[in-house]
Amino acid sequence: MKDAAKQRLIFAMDVDDFASAEKWVTQLHESVGLFKIGKQLFTKCGPAVVQMVQERGGQVFLDLKYHDIPNTVAKAAVEACKLGVKMFNVHALGGLEMMQRTVAEVDAYCASAGIERPIMLAVTILTSSTEETLRGIGIDRPVTEMVPRLARLAKDAGFDGVVASPKEVGLIRAACGEDFRIITPGVRPAFASLDDQKRVTTPADAISAGATALVIGRPISAAENPLAAAGKILEEIEAALEG
Ligand code: C5P
């Protein structure tokens, strides 16, 4: 059960230098399933930081949210596979052809290399976007319609799941079924501060609502005892899985 909970905890490694990343991986690799490396850390440190996580026994969620023409995204995704990442993502707004082509090229590469396909996720509508943001780019549809629509498009393209707000889990489950992964940030255990997250859910509620895994950063990194904070979150996830 401990391992089931661990696989559902993704640490958002939002640091901007190699040494800090190294420190977090050393401290947390036995408590968290994956380390999320985003645009800032990857732009600063490159593939070496991915390798460092793997050498220390951790696995990587490469959060670069690819969005480009189909050929470019497919080729970038194959490079992510070559780095051995466990999970990576694209923007579903890139469209069906972009996602289908990415699935096809990733599948072909992984088959030829004899490696397991990484978990492929799509971002639907960023939670920082409001209806006003969408109107500004010419999309006159509510976020509650766009999110399940884009999630369904990702599923139809052969993607494994989406990154979404815990508040959107129900809509996405209804559109995409039970075996679709939903990874949720915006999670705050009762003991942590809200930071700049406005609409938050506890780990237990997110798991009970149907989230597959949780992305959590500051409630662990800003805690007085990060290892203990991760432990408490694992306990909460475990209890929700059992309940
Ligand atoms: O520190 P905190 O737990 O808020 O970190 C959450 C992580 O998830 C950050 O890396 C943040 O960029 C990311 N994220 C988010 N909300 C989204 C998408 C990603 O907080 N909608």
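Quick notes on this one:
- Region 62-75, subset over 15 Å from Gly38 (Cα atoms) and of a type outside the set (Val, Ile, Thr), residue surrounded by the fewest Cβ atoms within 10 Å (Cβ to Cβ): Asn71
One line per residue, one yes/no per condition, for (1) more than 12 Å from the ligand (Cβ to nearest atom); (2) modelled with pLDDT under 95; (3) polar (S, T, N, Q):
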position	(1), (2), (3)
Ile182	yes, no, no
Pro189	no, yes, no
Ser208	yes, yes, yes
Ile216	no, no, no
Ala222	no, no, no
Glu235	yes, no, no
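- When the criteria are applied in full, Glu168 meets the requirement of being within 14 Å of the ligand (Cβ to nearest atom) and of a type in the set (Asp, Glu).
- Pick from region 98-141, criterion farther than 21 Å from Val60 by Cβ, acidic (Asp, Glu) and exposed (fewer than 12 other Cβ atoms within 10 Å of the Cβ), ranking: nearest to the chain's Cα centre (by Cα): Glu132
- Of all the numbered requirements in (1) away from the ligand (no atom under 14 Å from the Cβ); (2) touching a helix residue (DSSP H, G or I) at 6+ places or on another chain (Cβ under 7 Å), Thr72 misses one, and that requirement is (2).
- Being among the small types (Gly, Ala, Ser), closer than 17 Å to Arg117 by Cα and touching a residue at least 24 places away in the same chain (Cβ under 8 Å) is a property that does not hold for Ala4.
The values are calculated or read from the model by the stated rules, or taken from the named source; none is laboratory data. The shown structure was predicted, so the numbers you read here are calculated from the model rather than taken from an experiment. Counting neighbours? That spans all protein chains shown, and the Cβs are built from the backbone with ideal geometry, glycine included.
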